Amino acid sequence: MGRRGQRRSGGTRTAQRSRRVRDLDNEGIIPVLARAVREVENGVARGDVRRSLRTKFQVVALLVREERARVRADAESSESHKAEQLKRLDGVATILAKTAARDPSLLSLLAEDADVSDAAKDLKREMLVAAGAEVPEEEEPEPEDESLARVTTKRVVPQSVIQRQLANPFLTPDFSGAQNRAAQPRRLATWELIGPLLSSFERASSGAVSCMTLPPPGSLDAPGDLVLMHHQAELVAAAAAGHRTFLLADEPGLGKTAQALLAAEAAKAYPLLVVVPNVVKANWAREAGLWTPHRPVTVIHGDGEDTDAFADIIVVNYEILDRHVGWLGEIGLRGMVVDEAHFIKNKSSQRSQNVLALADKMRLRIARPLMMALTGTPLINDIEDFRAIWQFLGWIDDKKPLGDLMAALEETGLTPADPPFYAAARQAVIEMGIVRRRKIDVAADIPARRVADLPVELDDAAGRSIRQAERELARRLVARYDKALETRTSGPTITGPDGIDHELVRRVATWERDDTTTTKSEDNVFTLMRRLGQAKAGLAADYAAQLARNVGKVVFFAKHIDVMDIAEKTFAERGILYSTIRGNQSRTAREESIAAFQDDPDVHVIVCSLTAAGVGVNLQVASNVVLAELSWTDAEQTQAIDRVHRIGQAEPVTAWRIIASQTLDTKIAELIDSKAGLAARALDGSDEEISSSVDVQLEALVALLTEALTERNTDA
């Protein structure tokens, strides 16, 4: 009996220990993470990747990272307990990885510098509370002079920056432009003014102008053969007259880049920092070379090893600004341009904090630096999107209007209790430097149809692979040329001053173009262009998405189905509704896609195959076209643009041609343009194309082989 009772008692203790282990397993953060990650996994499996699900995915990843670090640092737990906890966390991480594999767009949320939204922060606190953890109070903002320290975790200082600092170790503050204001009665000191200022734009009457008073254009001459348009010259004249803050919100295609560069020249605002999205970084450097050719420009890549810190114009993209914000705040910047300024609307994001910290640092050193925010759409979600841009420009801080804006509001003699205050306040903000012009208002200043090149950099693995494939193609062409020289049995070798037999070069290029049977499929000129299209697809779609938010309707053209697939996936991830025209569509499906784009105000993009939609389609509801891949002829390109630029089009049309810098793409673009220009001159103004796709393919190979031979002869 006793033994039986002892056995029963022992079994009870074992059961109690098991229950206690199970209870512990169901306590803490890990069970909360396990439930959340299963919800994410099931949602992705259903294809229901809403914003809330993406937020939950990111929060689970953040908490797994933090909990793993906490467990490893826990000195009170046994090694076996730690191992068990880490094993369970690895299980959650494995589900996250498998889920991300099903929807690769989630991978961006795992990056160390990924933005953490307010919604994600709130969800994180809720999950910690549910786990019974102590949630720390929100930290108070640190003092202003420590702002740079809190917004970045990785700092780099390029060697040229050190050299510049040694060359000029003392940068004295410049307050020569400061305005002395007599003390004024602060009638509005006790009023909350930021809300009424924002509200004043919501209350604006229909047709109200949103452009500051601009002076008449001066006598500024554009460099070379460039022509400065009237509306562009007005803004430059304002900078020359002493205005120093601008929210330049002209519609896309009205030359905001040129205006910013020439405004900096008029204001002598050098060194000038230009912060831009990665997709337009190369374009800014090119435009600087055109509009201010006497001003050295440098583009920061990665950790900035090749940066020229002595340049007048420094271009950096948002994604790497955190690495360079330290030294940029110390070199005496006198001007700063933020392109696509709606990127900083979320003040809790790192990119916004970096930009605002640099702006504050500049104003500590320079009384009136040139500050320019460029965006065709300063408002994306609501009127609050103005806040970060106004703060960057120095018009407001977190709580109140500053400086000139506050003085202008005081001068109205009104308070928010007076109904006329709102119209007067809105005008006061506009006169601080809001410049907004629409295409339709300045149509006389711009061509009815233009093609604008947008160079992009392919600095990822795909880009490196493409450039390697180009080198392999060039080596094969050179080997074929050398073999032809060695085996030549008739006719003399006729070489030019550069030591190249150009007739043989053309023959070798012709063989390469025609002889596809002996060419590796991944290395010929056709597959290279396809790979370039694939590599550019995401960048082109990103730019089209920006245009869609700016102007509403965009036509996106591509040659290959896989490029269209990448673009459509990108639009879906960005929340952009689109329709599509493909060659395998039925007639009914095609008509429905066109009707959706033309008639549905929520469908902002139509993704078109160049061959399927290049002719016989009317898409004039849009005035912006993105050409994600180059055509082989100017005629095919023109046909695509003419789907928009046709009789009945009320607005000027801009075609944005996405070109991969330092690749075969650039050569093809130059060849297409030269053929088109030659045709136009030959036919006395006609735009009829006289060259064929075969011509361009041949000339591209000729150029590639000639360049390779020239480099070899130069090296020799």
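So which trypsin sites (Lys or Arg not before Pro) in region 337-413 end up in coil per DSSP with only 11 or fewer other C-beta atoms within 10 Å?
Counting only loop positions with at most 11 other Cβ atoms within 10 Å, the trypsin sites (Lys or Arg not before Pro) in region 337-413 are LYS399.
So for ASP599, ASP339, fewest C-beta neighbours within 10 Å to most, what's the order? If you can, show how the numbers build up before the last one.
On the way: ASP599 9, ASP339 24.
Ascending Cβ contact count within 10 Å gives the list ASP599, ASP339.
Using Cβ contacts closer than 10 Å as the measure, can you line up CYS211, CYS608 from fewest to most? List each step's numbers first, then the result.
Details: CYS211 18, CYS608 26.
Sorted ascending by nearby Cβ count, the order is CYS211, CYS608.
Between ALA73 and GLU431, what is the spin-label point distance in nm, taking each point 7 Å from the Cα along the Cα→C-beta axis?
5.4 nm
For ARG582, what charge total do you get from the other residues with a beta carbon under 11 Å from its beta carbon, if Lys and Arg give +1 and Asp and Glu give -1? Walk me through the numbers before you get to the answer.
On the way: positive: ARG590; negative: ASP565, GLU568.
Around ARG582, the surrounding residues sum to -1.
For the residues HIS301, HIS81, what sequence is obtained by ranking on other C-beta atoms within 10 Å, fewest first? If you can, show how the numbers build up before the last one.
Details: HIS301 16, HIS81 13.
So the residues, fewest neighbours to most, are HIS81, HIS301.
Net charge near ALA548: determine it from the other residues with C-beta under 14 Å of the C-beta of ALA548, scoring Lys and Arg +1 and Asp and Glu -1.
Numbers: positive: ARG549, LYS553, ARG574; negative: GLU251, GLU340, ASP542, GLU568, GLU573, ASP600, ASP602.
With Lys, Arg at +1 and Asp, Glu at -1, the neighbours total -4.
Using a 7 Å offset from the Cα along the Cα-to-Cβ direction at both ALA45 and ARG65, what is the distance between the two label points in nm, to one decimal?
Result for the modelled spin labels: 2.7 nm.
Summing +1 for each Lys or Arg and -1 for each Asp or Glu, what net charge is found among the other residues whose Cβ lies under 12 Å from the Cβ of PRO277? Working shown, then result.
On the way: positive: LYS281, ARG351; negative: GLU319, ASP339, GLU340, GLU457, ASP542.
Around PRO277, the charge tally is -3.
Test of understanding: what is the full-extension gain from ASP398 to PHE310, defined as 0.36 nm times their sequence separation minus their Cα-Cα distance? Before the final figure, lay out each step's value.
Working: separation 88, 0.36 × 88 = 31.68 nm, distance 3.43 nm.
In short, 28.2 nm is gained.
Any read-out appearing in this document is the output of simple, stated calculations on the displayed coordinates, not a laboratory observation. These figures come from a predicted structure and were not determined experimentally. A quick note on method: Cβ atoms are made from the backbone with ideal geometry, for glycine too, and the neighbour counts reach across all protein chains shown.
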